[in-house]
Each structure stands twice: as C-alpha cells, then as structure tokens.
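*Asks:* Following this message is one structure expressed as structure tokens.
The values are calculated or read from the model by the stated rules, or taken from the named source; none is laboratory data. The shown structure was predicted, so the numbers you read here are calculated from the model rather than taken from an experiment. Heads up, the Cβs are rebuilt from the backbone with ideal geometry, glycines too, and the neighbour counts pull from every protein chain shown. The accessibility values were calculated without ligands, DNA or RNA, using every heavy atom of the protein model including side chains. Shrake-Rupley method; radii C 1.70, N 1.55, O 1.52, S 1.80 Å.
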Amino acid sequence: MVSRPKSSFGNWKLKRNIYISFFLFLILGASVLIYLNQREVPIEQVFPGKVWAKPIENLPDLKAVGAPTAKNCGNCHTEIYEEWRRSTHANALSDIQFQSELAKPSSPKWICLNCHIPVQNQRETIITGLKNGDYFRPIEIVNPSFNPEMKAEGVTCATCHVRVDSETRESYVIGGTGGTSPPHPVKIDRKQLLSRCYDCHNETYNLNESLVCSFQTGTELIATKSNESCSSCHQPEVRRSFVKPSLHKPIRRSHKHGFIGGGVPKTFELYSDQIRLGYKPGIVLSNIKIENNTVELTLTNTSADHHVTTGDPERFYRLTLIGLNKKGNIVFKEETTIGQEWSWSPSAKKVSDSRIPSGKNFVWTLEQKDPLIESFHFQAVHVRLKDKTSDYMILSSGNLSSPYKEKVEKMKDLYPHSSIVIESIYQLKTKKRKDTPLEELFRRNILRKGE
C-alpha cells in the first residue's frame, strides 16, 4: 500500500474544488442567460408612452349593434359606410405595398399591424410581452375575441369611435356632436376624435439602424399654428342625416368619411371617388415667368396645413417641363423632384428635404436657349411608389402567401404607383396658359394602368 503525500493530496483536492466551482459557475451563468433570454418584458417598458405599441383592447359587442364591425355600423350609417368602404383606411390591411413590406423577414409584423388593424379583435393573437425585450420575439397567446370579418376591414369605424368603459366594461360609441338618441351608448368627446389621427400619423421612431418609421404630419400641422384639424381637409363637412332616410333623423352637420389624401388611391377602381370625396392637390402652379433664356416656375402649398408631400418619406412630387417646337416635337426636357431623400444603408437617415411647408413656395429655375420652342408643357406627378421599388417587390413576391403573392406579381396592373395632379400648357407667343381640369387628369390616371 502506497500512501499519497499530504501536499499532493491537498493539491488534488484544491484542483477538484476549483473544477467543481467553475462547473457550477458555468451552470449558474447559463441559467441566468437562459432566464434573461426567455423572460417576459412588458411592451410598455420597451416602448414607454407609445400609443402605437399596443392595439385597442378587445371590444365587447355593442348594444343594438352587435360586433363593432364597420359592416354592422353600416346597417344604419349607410352613406358614411359607403364612403369609408372606398377609402384608404378600409384598404389599410389589403394594401399591396403594405403586404409586401409586411412579408419582409426584417419586418416586426405585430408593430406594423398596430396601425393597419388597430383593434385587438382584429388580431388572431394577443401580444403579452417581449422575450428579453426583443421586439422580434413577441410572446403570443390565442385571442378568444378574434373577429376575421373585422380584421379584413383595416382601419375600421371602431378604431376611432368605439371604446370600453373602464367601470362597466361595456362598449360605447364616441361621438363628436350630440342632439339625437341612438340605440347604442354614446359619449360626446370631439377632442378625442380630432386627436386620434396623431396616434398613427404623427409618430417617428427608430427600431434599429434600418427600421425607421417617420410620420410627422401632426407636428407639421401644429407648427403652422392653424386652427384647422386633420378632419377639416380630409373629412370635409357636409349637411346630411347621419343615418339612412328610413330612420327619419334630422339633417345635421356631418363629415365625409372618404379620408382623401394625396390623390393616389389603393386601386385603379377607386380613382372615380377621389374628386367626389374632396381631393384637390396640396400644391398649385402659382406662376410661370419667362425672361430671356430663363424659365421660372413657382409652386405654392396653398391647400395643406402640413408639408407637401407628407407622411411616408418615400412619397414625392416629380416635376417635368417639356418644350415643344412648331411641329410638336420635344426639343427641351427637364425634371426635378420635391420631397425627402433618405439614405438606407448602412443606416437609415434623412439626407435632404425639399418639401413645401404650408403657405410656402418652391421655385424651380431653368435655363433654355432653344429659339424654336413654341410652348412649354408642365406636369406634376405625385409618386407613392417608384417603379424600381415595385420591381424589387415583384421579384421578392415569394415572401408572401396567397392571395397577396399573386397580387404583388401583378401590382403594375393592380396598384396605382403615382397620379398626375397638375398639368399646364404655356404658349410663348400669346403668353396664354391653359390648365388641364382635374377630372380629365384623373381619367388619364386610370388609363396609366400597367405603365
């Protein structure tokens, strides 16, 4: 029998304890990392004070209405429903461009949907929190109040008009005026209705270097110190009954619910409604000045109390000036743009901004030396989607499932990319100017399908 020297035995014991301690440390560290990686962080903690971070809570059925769907509201509010049904809001989810963006692997889908289908009833799942605060790892549970019909309605009536009473837990309608006795509960809160637009149309945030949402229409409006609200232009006033004639309710001050914006509808079929529901360009060609070899065009933001263009930073105006000779041949052509320029790589940032604030001018000065020019033809086109962007979307359509995959593949035929909103012809000899009526321009916009 050989005995181990005490010093050797002590060293072995020390090493063993070190190994055990190190092993326990690794287990503890791994456990902490797993816990931190899986812990549920409240959405409010990740996005404090952000309305867009969560949908409106599930809405119970509304007394005398049933489920708070636009279709049910339309049973009585027939004219308002028909206006909404052909609006941008009603197409907020079915929008082909939005669906293509939503399908990107880099898209935090649940956040985007909070503005495009803003009521919890429209969502299959409820987001209870984020794993480790990561917005790409939402924790989801099944939503027992999911309503597929309501989901398809996009920004539906309930988005602005229906809420849950904090005490009774019953649904009620938010109204802007009083004076009648509807069968459903009503609370008059005009201020809440007017400020609701800002929740989605006045938010700017950077999720990471390349995921940026920049909508500052509300800030632009407030900066003008105007007394007007979003509804003043986008929901023009009209005298009518709020409900169908058979209910025999009085004629009152109402608002159109077509929510007309920049004049580029979501489908070609909706062009016919643009002017009827109140569209007019935010800018006008206020002056054409020609001296010697210089042409000066002045465009003025006369109709919008916010910048033009506004909203989506990829929107812009494309301006074109063409000079024609006596035979009608093009001998001069120049283009420029009004809008924002962004750099998206390696990180998203605004590079320049030539948009026109409310009441301000954009002056375009050009030099031309061709003595054969007989007339100038000016055109302003509001561009929502560039051709090269839609080409990329078509190539990436494999990210989508039916029916949107097939729609994106045919988006040149289905989705208006831009609209001609101003056209003017100026004769040099007579110094006379002729502007093309807006109705004619929109008839031609329909014919641009597939371009």
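*Asks:* With respect to Val212, determine if the residue is of a type in the set (Val, Ile, Thr), open to solvent by less than 60 Å² (accessible area, probe 1.4 Å) and under 16 Å from the mean Cα position of the chain (by Cα).
*Replies:* Spelling it out, Val212 is indeed of a type in the set (Val, Ile, Thr), open to solvent by less than 60 Å² (accessible area, probe 1.4 Å) and under 16 Å from the mean Cα position of the chain (by Cα).
*Asks:* Kindly provide the set of residues from the range 259-290 that are buried (at least 22 other Cβ atoms within 10 Å of the Cβ) and basic (Lys, Arg), ordered by number.
*Replies:* Residue satisfying the conditions is Lys266 alone.
*Asks:* Taking the conditions exactly as written (surrounded by 14 or more Cβ atoms within 10 Å (Cβ to Cβ) and in contact with a Ser or Thr (Cβ under 7 Å, 6 or more places away or on another chain)), does Leu221 satisfy them or not?
*Replies:* Values: surrounded by 14 or more Cβ atoms within 10 Å (Cβ to Cβ): yes; in contact with a Ser or Thr (Cβ under 7 Å, 6 or more places away or on another chain): no.
Answer is no for this residue.
*Asks:* Would you mention how many residues in the range 337-353 are free of Cβ contacts under 8 Å to residues at least 60 places away in the same chain and exposed (fewer than 15 other Cβ atoms within 10 Å of the Cβ)?
*Replies:* Residues that pass the stated criteria total 7.
*Asks:* Moving on. Quick one: is Lys333 in the same structural domain as Ser418 (by the TED database) and either in a loop (DSSP other than H, G, I, E, B) or under 27 Å from the mean Cα position of the chain (by Cα) (or both)? Break it down into steps so the answer makes sense when it comes.
*Replies:* Details: in the same structural domain as Ser418 (by the TED database): yes; either in a loop (DSSP other than H, G, I, E, B) or under 27 Å from the mean Cα position of the chain (by Cα) (or both): no.
When the stated conditions are applied, Lys333 does not pass them.
*Asks:* Return yes or no: is Cys230 within 22 Å of Cys73 (Cβ to Cβ) and surrounded by 14 or more Cβ atoms within 10 Å (Cβ to Cβ)?
*Replies:* Answer is yes for this residue.
*Asks:* When you scan the range 358-394, how many residues do you find that are outside any helix (DSSP H, G or I), among the β-branched types (Val, Ile, Thr) and over 18 Å from Asn293 (Cβ atoms)?
*Replies:* Looking only at the range 358-394, we keep the residues that are outside any helix (DSSP H, G or I), and these are 358-386.
Pick out the ones that are also among the β-branched types (Val, Ile, Thr) and you get 363, 365, 373, 381, 383.
Add one more test, that the residue is over 18 Å from Asn293 (Cβ atoms), and what stays is 381, 383.
Here the count works out to 2.
*Asks:* Taking the range 307-336 on its own, how many of its residues are open to solvent by less than 80 Å² (accessible area, probe 1.4 Å) and either in contact (Cβ under 8 Å) with a residue 60 or more places away in the chain or among the β-branched types (Val, Ile, Thr) (or both)?
*Replies:* Summing the residues that are open to solvent by less than 80 Å² (accessible area, probe 1.4 Å) and either in contact (Cβ under 8 Å) with a residue 60 or more places away in the chain or among the β-branched types (Val, Ile, Thr) (or both) in the range 307-336 gives 17.
*Asks:* Exactly one condition in (1) assigned to a strand (DSSP E or B); (2) surrounded by fewer than 17 Cβ atoms within 10 Å (Cβ to Cβ) is not met by Gly179; state its number.
*Replies:* With respect to (1) assigned to a strand (DSSP E or B); (2) surrounded by fewer than 17 Cβ atoms within 10 Å (Cβ to Cβ), Gly179 is out only on (1).
*Asks:* Here's a follow-up. Out of the residues in the range 94-115 that are among the aliphatic types (A, V, I, L, M) and farther than 21 Å from Asp391 by Cα, which is surrounded by the most Cβ atoms within 10 Å (Cβ to Cβ)?
*Replies:* Taking the candidates together, the pick is Ile111.
*Asks:* Something else now. Is it the case that some residue within the range 367-385 is at pLDDT below 95, among the hydroxyl-bearing types (Ser, Thr, Tyr) and assigned by the TED database to the domain that holds Thr309?
*Replies:* Checked the range 367-385: no residue is at pLDDT below 95, among the hydroxyl-bearing types (Ser, Thr, Tyr) and assigned by the TED database to the domain that holds Thr309.
*Asks:* Right, next: Is it the case that some residue within the range 54-65 is open to solvent by 20 Å² or more (accessible area, probe 1.4 Å), without any contact (Cβ under 8 Å) to a residue 60 or more places away in the chain and within 30 Å of Arg240 (Cα to Cα)?
*Replies:* No - not one qualifying residue is present in the range 54-65.
*Asks:* From the list Val155, Val173, which one is open to solvent by less than 60 Å² (accessible area, probe 1.4 Å), part of a loop (DSSP other than H, G, I, E, B), of a type in the set (A, V, I, L, M) and out of contact with any Phe, Trp or Tyr (no Cβ under 7 Å at 6 or more places or on another chain)?
*Replies:* One residue alone meets the criteria, Val155.
*Asks:* While we're here: Which residue, of Thr125, Thr168, Thr159, is touching a residue at least 24 places away in the same chain (Cβ under 8 Å) and among the hydroxyl-bearing types (Ser, Thr, Tyr)?
*Replies:* Residue meeting the stated conditions: Thr159.
*Asks:* Let me ask something else about it. Restricting the first residue to the range 397-418 and requiring it to be of a type in the set (Lys, Arg), which pairs with a second residue that is not in a loop (DSSP other than H, G, I, E, B) meet a Cβ separation below 6 Å and a spacing of at least six or different chains?
*Replies:* Here the result reads Lys405/Ser397; Lys407/Ile96; Lys407/Leu414, each pair linking the range 397-418 to a residue that is not in a loop (DSSP other than H, G, I, E, B).
*Asks:* Let me ask something else. Among (1) touching a residue at least 12 places away in the same chain (Cβ under 8 Å); (2) of a type in the set (Ser, Thr, Tyr); (3) open to solvent by 30 Å² or more (accessible area, probe 1.4 Å), where does Tyr392 come up short?
*Replies:* The single condition Tyr392 does not satisfy is (1).
*Asks:* For the range 116-146, what are the residues that are within 27 Å of Asp189 (Cα to Cα) and open to solvent by less than 40 Å² (accessible area, probe 1.4 Å)?
*Replies:* Ile117, Pro118, Val119, Gln120, Asn121, Gln122, Arg123
*Asks:* Right, Thr365: open to solvent by 60 Å² or more (accessible area, probe 1.4 Å) and in contact (Cβ under 8 Å) with a residue 24 or more places away in the chain or not?
*Replies:* Judged against the criteria, Thr365 is a match.
*Asks:* Of the residues in the range 395-427, how many are open to solvent by less than 50 Å² (accessible area, probe 1.4 Å) and assigned to a loop (DSSP other than H, G, I, E, B)?
*Replies:* As a first pass, look at the range 395-427 and keep what is open to solvent by less than 50 Å² (accessible area, probe 1.4 Å): 396-397, 400, 404, 408, 411-412, 415-426.
Now drop any that are not assigned to a loop (DSSP other than H, G, I, E, B), which leaves 396, 400, 415-417.
Residues flagged as open to solvent by less than 50 Å² (accessible area, probe 1.4 Å) and assigned to a loop (DSSP other than H, G, I, E, B) within the range 395-427 amount to 5.
*Asks:* All but one of (1) in a loop (DSSP other than H, G, I, E, B); (2) touching a residue at least 24 places away in the same chain (Cβ under 8 Å); (3) out of contact with any Gly (no Cβ under 9 Å at 6 or more places or on another chain) hold for Lys225; which doesn't?
*Replies:* For Lys225, the failing item is (2).
*Asks:* Which numbered condition trips up Leu428, out of (1) touching a His at 6+ places or on another chain (Cβ under 8 Å); (2) more than 20 Å from Lys266 (Cβ to Cβ)?
*Replies:* Looking at each condition in turn, Leu428 falls short on (1).
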